[in-house]
1. Consider residue 104 carefully, then state whether it is open to solvent by less than 20 Å² (accessible area, probe 1.4 Å) and in contact (Cβ under 8 Å) with a residue 40 or more places away in the chain.
2. Determine the pairs where a residue that is more than 10 Å from residue 47 (Cα to Cα), located within the stretch 74-89, has a partner that is open to solvent by 60 Å² or more (accessible area, probe 1.4 Å) with Cβ atoms under 8 Å apart, the partner being 6 or more residues away or on another chain.
3. Here are some residues: 122, 101. Which one is out of contact with any Asp or Glu (no Cβ under 6 Å at 6 or more places or on another chain), closer than 18 Å to residue 24 by Cα and among the acidic types (Asp, Glu)?
4. Looking at the stretch 139-155, I want the residues that are in contact (Cβ under 8 Å) with a residue 12 or more places away in the chain and have a partner that is surrounded by fewer than 12 Cβ atoms within 10 Å (Cβ to Cβ) with Cβ atoms under 7 Å, at least 6 apart or on another chain. Which pairs are those?
5. How many residues are out of contact with any strand residue (DSSP E or B) (no Cβ under 6 Å at 6 or more places or on another chain) and hydrophobic (A, V, I, L, M, F, W, C) if we restrict to the stretch 121-138?
6. Hey, could you check the stretch 113-146 for residues that are of a type in the set (Asp, Glu) and in a strand (DSSP E or B) and say which is surrounded by the most Cβ atoms within 10 Å (Cβ to Cβ)?
7. Kindly provide the set of residues from the stretch 1-27 that are more than 12 Å from the chain's Cα centre (by Cα) and modelled with pLDDT of 95 or more, ordered by number.
8. Go through the stretch 62-91 and give me each residue that's touching a helix residue (DSSP H, G or I) at 6+ places or on another chain (Cβ under 9 Å), surrounded by 20 or more Cβ atoms within 10 Å (Cβ to Cβ) and part of a helix (DSSP H, G or I).
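The values are calculated or read from the model by the stated rules, or taken from the named source; none is laboratory data. Keep in mind that what you see is a predicted model, and the values were worked out from it rather than measured. Using ideal geometry, Cβ is built from the backbone for each residue, glycine included, and neighbour counts are taken over all protein chains shown. When the accessible area is computed, the model is the full protein with side chains, heavy atoms only, and any ligands, DNA or RNA have been set aside. Shrake-Rupley method; radii C 1.70, N 1.55, O 1.52, S 1.80 Å.
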Amino acid sequence: MFKSYIILSVLFLSNAFGQYDYQLEDINSSSLYYGQNVGTSYFPDQVTMHYFGHYNWGTCTARFGQLNDLYEGLVADGYNQVKLIGVGKSQHMNWLDNWTESNDNPVCADQSGFAGYATWNEWEASQRDLFVLSHEGNVVFHENVTGGLPTNLES
């Protein structure tokens with residue numbers, strides 16, 4: 001009985017605090033974080049933007065480029081407590097350069113496993129989903145950006 005209580009408590013706490021985090025290797029050789037496992041908790045007290053897409057799709061690559069432009073504009077305006085992370089899938093690694101040639105943001109590849117792509121599944125992410133998390137790790141924005149970035153995203 002006590003053992004099942006502990007297991008249920010651990011499962012509850014990991015779901016309550018861990019849903020919007022991950023630890024994936026940054027595979028962008030231009031990034032300052034290259035080779036390190038990044039995710040929401042890697043950048044404490046910062047606003048983090050997480051873009052889920054496929055490296056090989058024109059629209060996905062275009063949106064990541066637009067997000068990079070937005071990110072660079074924020075940093076140029078003095079907002080240095082914000083990070084952009086791209087999360088693709090391991091099956092599209094042949095097209096990784098589409099996301100890494102023109103920026104120095106962390107880019108990760110979720111690996112396919114027994115239950116599919118764990119990070120994508122845990123976040124309930126779809127292709128071209130953008131999540132913005134507050135400095136406390138709470139989701140403050142989630143939208144599929146297939147049709148374009150919202151005009152008020154900076155605010």
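1. Here the answer is no, as residue 104 does not meet what is asked.
2. Partner pairs satisfying both residue conditions: 74/154; 89/112.
3. Working: 101 fails: closer than 18 Å to residue 24 by Cα.
Among 122, 101, only 122 is out of contact with any Asp or Glu (no Cβ under 6 Å at 6 or more places or on another chain), closer than 18 Å to residue 24 by Cα and among the acidic types (Asp, Glu).
4. 144/126
5. Counting residues in the stretch 121-138 that are out of contact with any strand residue (DSSP E or B) (no Cβ under 6 Å at 6 or more places or on another chain) and hydrophobic (A, V, I, L, M, F, W, C) gives 1.
6. From the stretch 113-146, those of a type in the set (Asp, Glu) are 122, 124, 129, 136, 143; that's our starting set.
The next check asks that each one be in a strand (DSSP E or B); those that pass are 129, 143.
Working: 129: 19, 143: 14.
Selected residue: 129.
7. 27
8. Matches in the stretch 62-91: 64 only.
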